[in-house]
1. Has region 215-227 got at least one residue that is farther than 30 Å from residue 87 by Cβ and modelled with pLDDT under 80?
2. What about residue 39, is it at pLDDT 75 or above, over 30 Å from residue 134 (Cβ atoms) and out of contact with any strand residue (DSSP E or B) (no Cβ under 8 Å at 6 or more places or on another chain)?
3. Which numbered condition in (1) at pLDDT 70 or above; (2) within 22 Å of residue 95 (Cβ to Cβ) is the only one that residue 149 fails?
4. Please determine, by comparing only the residues of region 120-142 that are surrounded by 17 or more Cβ atoms within 10 Å (Cβ to Cβ) and over 14 Å from residue 191 (Cβ atoms), which one is modelled with the highest pLDDT.
5. Write out, first by first residue and then by second, each pair whose Cβ atoms fall under 6 Å of each other, whose residues are 6+ apart or on separate chains, and whose first residue, in region 115-142, is under 11 Å from residue 205 (Cβ atoms) while the second is at pLDDT 75 or above and in a loop (DSSP other than H, G, I, E, B).
6. Between a first residue in region 11-26 that is in contact (Cβ under 8 Å) with a residue 12 or more places away in the chain and a second residue that is surrounded by fewer than 16 Cβ atoms within 10 Å (Cβ to Cβ) and in a helix (DSSP H, G or I), which pairs have beta carbons less than 7 Å apart while being 6 or more apart in sequence or on different chains?
7. Please count how many residues of region 80-106 are surrounded by 14 or more Cβ atoms within 10 Å (Cβ to Cβ) and part of a loop (DSSP other than H, G, I, E, B).
8. Can you pull out every residue in region 196-223 that is closer than 20 Å to residue 139 by Cα and either touching a helix residue (DSSP H, G or I) at 6+ places or on another chain (Cβ under 7 Å) or crowded, with 17+ Cβ neighbours inside 10 Å (or both)?
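The values are calculated or read from the model by the stated rules, or taken from the named source; none is laboratory data. All of these numbers come straight from a predicted model, not from anything done at the bench. Every residue, glycine among them, receives a Cβ derived from its backbone with ideal geometry; neighbour counts consider all protein chains shown.
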């Protein structure tokens, strides 16, 4: 991943701030010891308070940064992922996901369509006035059957794209809703398109949180004329 791109991630920003605060906490501890050795108890109390404050903020930022792994800033329309599909057998597909940072992942899907879902987080007014944009992360990709009856009975393929350990801002919001008063809403957005052999699709996320999927010209032609007509 591009180092500049890494530094723009909200998780990276919070983790860097947490590291800086931990360093300040250590410096305050050293100064506290010196003040105590010098008998300056009043000054030592002041440095003790600064040490506790830096440590508390470091824990807060560190926890927030860890919970925001996988989330990215949402711009006017942000590229999310490119998808390439190749058929393995009827209603069985090999799908390759390519992220803007260069990462890739191959998954197998069953069905007639692919479907991608994302989690979008929006802030309340004070954070919005401060210029904090919405955040998003991809949540899952799955196969979708056109026939509802087949959708209910045929084998399903769902691949999670979130954090592997389950520690996430969404989980914190569910368990401790009052602990995140700056969060206005956490909701899902999804989109799907038909799978065609050799298909290439681009998925982006609009600033209002809606996922937008677009096939390239050749893929659109195959979708429109599945039998080559």
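1. no
2. yes
3. (2)
4. Across region 120-142, the extreme among qualifying residues is 137.
5. 138/161
6. 12/6
7. Residues flagged as surrounded by 14 or more Cβ atoms within 10 Å (Cβ to Cβ) and part of a loop (DSSP other than H, G, I, E, B) within region 80-106 amount to 3.
8. Kept after step one, since they are closer than 20 Å to residue 139 by Cα, are these residues of region 196-223: 201-214.
Listed by number, the residues that qualify are 201, 203, 204, 205, 209, 211, 213.
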